[in-house]
Amino acid sequence: MAKVVFLGLGVMGYPMAGHIATAGHNVVVYNRTTAKAERWVAEHGGSYAVTPADAVANADFVFSCVGDDPDVLAVALGDDGAIATMKPGAIYVDNSTVSADVASRLYAAGKACSIGVLDAPVSGGQAGAENGALTVMVGGDQAVFDAALPIMECYGTRVVRMGDYGKGQLAKMCNQICIAGLVQGLSEALNFAIAADLDTDALLEAISGGAAQSWQMVNRGHTMVKNEFDFGFAVDWMRKDLRICLEEAARHDAQLPVTKIVAGYYDELSHMGHGRNDTSSLIRRLRGS
Ligand code: NAP
């Protein structure tokens, strides 16, 4: 069994690290707020460290799932960061959603220390992380991917290598571009249904079997109608993701007109105080509450 370190025990990292431990690997965790690491160890065994550098000395694999670009740079390359302390030949897998530029900086830093690096953002939300059923989009060298695949399969049911470093993050951007327009469309349909006094249970039963069906409709339709948003993928994380998409699109001169509009809607929601609500809360904007 491998020696695995997991950095970042948030909504996603906590259960992902748990699945790696359940598979029998020897797991050391690090979390900025140590109380969460203590709780994780009480639940899953293993041990915790108080800095990324302390955690990684003997690791075969180091995973991170933190937040935005500066957060990944801090845990991987900061003063107490992981990569400079890892042993040569070890592998660093970043599961955060960040820019392709960060993926390339990590890859270059890894190369300089003989560390394999994969950018491996995930999709499937909190439920996917808790059920060990995430989709993982991976960029990096084939041999490094092959070595890390058995560990990524502890939390991912669909683990796809997209190509060289950075390509995992680019694939995740496509995922978020799809979701942005889709959730706005679903919000408009449900808001319309409520205004027109349609039976929304019957509506969702009917249209979730047809061409309008989506993961968002099946998993979020009923909760959107009930005004329940206290779970899932936070609005402020989506703002970060769409900012990354728009910046990358500008580099390629690719048009993202709908994504740009929806990014503005998520800004509004955040300013309304709903930044930690699930992304399906876009419907709140239409209701004005
Ligand atoms: P979260 O619940 O807010 O947790 C973030 C984690 O990162 C926490 O453990 C936090 O530590 C740590 N962290 C943040 N900044 C840090 C820093 N500068 N140094 C050290 N640790 C830091 O976030 P999440 O929902 O798990 O998301 C994590 C990543 O996965 C993000 O990139 C997100 O976009 C992506 N993602 C999320 C979902 C989802 O449904 N939630 C789905 C797909 C992808 P503390 O506990 O100390 O705050």
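The values are calculated or read from the model by the stated rules, or taken from the named source; none is laboratory data. As the structure is a prediction and not an experimental result, all values here were calculated from the model. Using ideal geometry, Cβ is built from the backbone for each residue, glycine included, and neighbour counts are taken over all protein chains shown. Only protein heavy atoms, including side chains, enter the accessible area calculation; ligands, DNA and RNA are left aside. Shrake-Rupley method; radii C 1.70, N 1.55, O 1.52, S 1.80 Å.
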Check: Val122 versus (1) open to solvent by 30 Å² or more (accessible area, probe 1.4 Å); (2) within 13 Å of the chain's Cα centre (by Cα): which is the lone unmet condition?
Finding: (1)
Check: Are any residues in the range 169-179 within 12 Å of the ligand (Cβ to nearest atom) and either free of Cβ contacts under 8 Å to residues at least 24 places away in the same chain or not polar (S, T, N, Q) (or both), and if so, which ones?
Finding: Lys172, Met173, Ile179
Notebook entry, point to check: For the range 145-161, how many residues are touching a residue at least 60 places away in the same chain (Cβ under 8 Å) and within 12 Å of the ligand (Cβ to nearest atom)?
Noted result: 1
Next item on the list: Mind telling me which of the residues Gln184, Gln142 ends up being of a type outside the set (Asp, Glu) and touching a residue at least 60 places away in the same chain (Cβ under 8 Å)?
Entry: Gln184
Margin query: I want to confirm something. Restricting to the range 23-35 and keeping residues that are assigned to a loop (DSSP other than H, G, I, E, B) and more than 6 Å from the ligand (Cβ to nearest atom), which single residue is surrounded by the fewest Cβ atoms within 10 Å (Cβ to Cβ)?
Written below: Gly24
Check: Just checking, how many residues over the range 85-117 are surrounded by fewer than 24 Cβ atoms within 10 Å (Cβ to Cβ), over 14 Å from Gly140 (Cβ atoms) and more than 16 Å from the ligand (Cβ to nearest atom)?
Finding: 6
Margin query: Looking at the range 1-22 only, could you name the residues that are outside any helix (DSSP H, G or I), touching a Phe, Trp or Tyr at 6+ places or on another chain (Cβ under 9 Å), more than 9 Å from the ligand (Cβ to nearest atom) and aliphatic (A, V, I, L, M)?
Written below: Ala2, Val4, Val5
Notebook entry, point to check: Inside the range 134-170, can you point out the residues that are open to solvent by 10 Å² or more (accessible area, probe 1.4 Å), in contact with a Gly (Cβ under 6 Å, 6 or more places away or on another chain) and among the hydrophobic types (A, V, I, L, M, F, W, C)?
Noted result: Met137, Val144, Met162
Note to self: Please pick out the residue among Glu38, Glu43 that is under 28 Å from Thr157 (Cβ atoms), more than 11 Å from the ligand (Cβ to nearest atom), open to solvent by 50 Å² or more (accessible area, probe 1.4 Å) and among the acidic types (Asp, Glu).
What the structure shows: Glu43
Item checked: Search result, residues across the range 110-129 that are over 16 Å from Ser96 (Cα atoms) and in contact with a Phe, Trp or Tyr (Cβ under 9 Å, 6 or more places away or on another chain) -> Gly110, Ile115, Gly116, Ala127
Next item on the list: Would you check which residues across the range 56-74 are open to solvent by 10 Å² or more (accessible area, probe 1.4 Å), within 14 Å of the ligand (Cβ to nearest atom) and out of contact with any Asp or Glu (no Cβ under 9 Å at 6 or more places or on another chain) and list them?
Entry: Asp68, Pro70, Asp71, Leu73
Check: With respect to Asn131, is the statement that it is free of Cβ contacts under 8 Å to residues at least 12 places away in the same chain, within 25 Å of Ala21 (Cα to Cα) and within 15 Å of the ligand (Cβ to nearest atom) true?
Finding: yes
